[in-house]
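Novice: Structure provided below as structure tokens; questions to follow.
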Amino acid sequence: MRRADGDTVIAGFIPLLDSALLVTAAERGFAAREGVSLKLVRETSWANIRDRSAIGHFDVAHMLAPMPIAASLEITSLAVPMLAPMTLGLGGNAITASNILWRRMCDHGAPRDGDPAGTGGALKAVIAASGGSAPLRFGVVHPFSGHAYELRYWLAAAGIDPDRDVEISVLPPPLMADALAADRLDGYCVGEPWNTAAVLAGTGRIVTTKAAIWPKSPEKVLGVTRKWAEAHPDMLAALIRALAAAAAWCADPQNHADLADLLSGPDYLDCPADYCRPALSGELMLSRDELLSRPDFLSFAGKAALSPQPAHALWFYSQMLRWGQVTHSAGREVVVRATYRPDLLEAATGVRTEAASLSFFDGVGFDPEAVADYARAFPIRA
């Protein structure tokens, strides 16, 4: 890939609603006002985002929140030290089941309001009734993703072992709804609009959400290699300011119709605008005729939505420990704490961090000062 010169910043992104800050910064002039020529490159998979960031094709990227941590810990392919200087959004994910699986869950008392404890209990009953034959197949977008950890957390809290009782596969986000329709998956955890895509197609039903499992939790971050950040501090600061201004624009309900039309275009999500509207409005379509009002489903602006909080990074690290992706050491914990950099956001914009949201649906508390003990305390773990 030929590199641009001067003030051009090349950013990779995946077609998801939470690419909104990058798209809006480029398309609505926020980047240009900061003197940044922002060039967006759509990618098909998170593995490509990771690899092209590592080899220098991308200066920055729309990135899964745990991905810079995994890269800095050198536990993923083409690992290089990375930073997350800002968050690109909170929430935005859901868990969708096929119609057949949802009917089976309803036979076992699944609640219709997206309550994760109730839906998880119903799924546990479905699995128990099957006697272990033909394990259910779930999809996630990447092993080091909020989706993988949210799905596993939800399953394990219900007494379902993610590594023994079900099968979990990796697929790119835009393929999830098609895989469900083709009966290659029984369910999946993905970001919007690819849950709504299955709902509107009549092939799936949203059973719970990230906002219910872990409220106000980070989903995507601005990912950048430490090398690029240190070589271009002024450019990074200008981009952060542009994205913060874009976040405020995206969060304004008066702009949501325009944002849905912009994101749904052929250069970005390439989908009907109707796919984008439910998550932006907070009126989520669980099925074609069932709505759930969840104003916090997807958040773009505010201190919590912009600041990359080290306590959140440590929770993702705890899940890497829990599921056997890495072993604990004091040195690794130091690396994790240094990957999320709220100081870079504050220096560029004046936005200060606030207390991290560490409240989970099952009531299990998380102490960032005792990460290894927390991971070991779960009865279901690797």
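Novice: Jot down the per residue volume, in cubic angstrom and as a whole number, of the convex hull over the alpha-carbon atoms of the stretch 228-372.
Specialist: Hull volume over Cα atoms, normalised by residue count, gives 175 Å³.
Novice: Can you figure out the FRET efficiency of Ser359 with Asp113, using R₀ = 25 Å and their beta-carbon distance, to the nearest 0.05?
Specialist: 0.85
Novice: Now for a different question. Got a sec? What order do Met176, Met235 fall in by accessible area at 1.4 Å, biggest, i.e. largest, first?
Specialist: Met235, Met176
Novice: Still on this model: Rounded to the nearest 0.05, what FRET efficiency do Asp234 and Ile75 give with R0 = 25 Å and r taken as the Cβ-Cβ distance? Could you check?
Specialist: 0.20
Novice: Considering only DSSP states other than H, G, I, E and B, which chymotrypsin sites (Phe, Trp or Tyr not before Pro) in the stretch 202-305 qualify as loop sites with at most 15 other Cβ atoms within 10 Å?
Specialist: Qualifying residues, ordered by number: none.
Novice: When ligands, DNA and RNA are left out and all protein chains stay put, how many square angstrom of accessible area per residue does the stretch 93-213 have with a 1.4 Å probe?
Specialist: Roughly 32 Å² per residue, with all protein chains present.
Novice: For the stretch 33-175, what log10 I(q)/I(0) values come out of the Debye formula at q = 0.13, 0.16, 0.20 1/Å, with one point per alpha carbon and no solvent?
Specialist: One equal scatterer on each Cα of the stretch 33-175 leads to -0.69, -0.91, -1.20.
Novice: I'd like the Kirkwood hydrodynamic radius of the stretch 168-314, using the inverse of the mean 1/r over distinct C-alpha pairs, in Å.
Specialist: 17.0
Novice: Sticking with this one: Report, in whole Å, the centroid distance computed from the Cα atoms of the stretch 6-55 and the stretch 264-327.
Specialist: If we compute the Cα centre of each part, the gap is 18 Å.
Novice: Are there GluC sites (Glu not before Pro) in the stretch 313-371 that DSSP puts in a loop and that have at most 10 other Cβ atoms within 10 Å, and which ones?
Specialist: For GluC sites (Glu not before Pro) across the stretch 313-371 that sit outside H, G, I, E and B with at most 10 neighbouring Cβ atoms in 10 Å, the list reads Glu369.
Novice: Moving on. Please list, by residue number, everything in the stretch 55-86 whose backbone N is under 17 Å from a paramagnetic label point 7 Å out along Cα→Cβ of Asp343.
Specialist: Label zone hits: 82-86.
Novice: Let me ask something else about it. Antiparallel versus total DSSP beta bridges in the chain: what percent is that, nearest 5?
Specialist: Here the share of antiparallel DSSP bridges comes out near 65 percent.
Novice: Right, next: Over the chain, what is the relative contact order in whole percent, taking alpha-carbon pairs under 8 Å and six or more residues apart?
Specialist: This gives 24 percent for the chain.
Novice: Right, here's the next one. Mind checking which lysines have their Cα closer than 25 Å to the Cα of Lys220? Skip sequence neighbours fewer than 8 apart in that chain.
Specialist: Lys39, Lys210, Lys303
Novice: Right, another one. Of all DSSP beta bridges located in the stretch 93-213, what percent are antiparallel, nearest 5?
Specialist: Percentage antiparallel, nearest 5: 60.
Novice: Which Rg and Dmax, in Å, describe the Cα atoms of the chain?
Specialist: Using the Cα atoms of the chain, the pair Rg, Dmax is 19.6, 62 Å.
Novice: If you place +1 on the Cβ of every Lys and Arg and -1 on the Cβ of every Asp and Glu, how big does the dipole about the Cα centre of the stretch 93-213 come out, in debye to the nearest 20?
Specialist: Using Cβ point charges on Lys, Arg, Asp and Glu, the stretch 93-213 gives about 120 debye.
Novice: To the nearest 0.05, how large is the calculated FRET efficiency for Asp367 and Ser37 if R₀ is 30 Å and r is the Cβ-Cβ distance?
Specialist: Efficiency at R0 = 30 Å is approximately 0.10.
Novice: Which trypsin sites (Lys or Arg not before Pro) from the stretch 142-240 combine a DSSP loop assignment with at most 15 other Cβ atoms within 10 Å?
Specialist: Arg164, Arg184
Novice: Continuing with the same structure: Which whole number of Å³ per residue matches the convex hull of the alpha-carbon atoms in the stretch 93-213?
Specialist: 86
The values are calculated or read from the model by the stated rules, or taken from the named source; none is laboratory data. Predicted model, so just to flag it, every value in this text is computed and none were measured. Methodologically, a virtual Cβ is constructed for each residue, glycine included, from the backbone with ideal geometry; neighbour enumeration extends over all protein chains shown. Note: accessible area is taken over every heavy atom of the protein model, side chains too, but ligands, DNA and RNA are not part of it. Shrake-Rupley method; radii C 1.70, N 1.55, O 1.52, S 1.80 Å.
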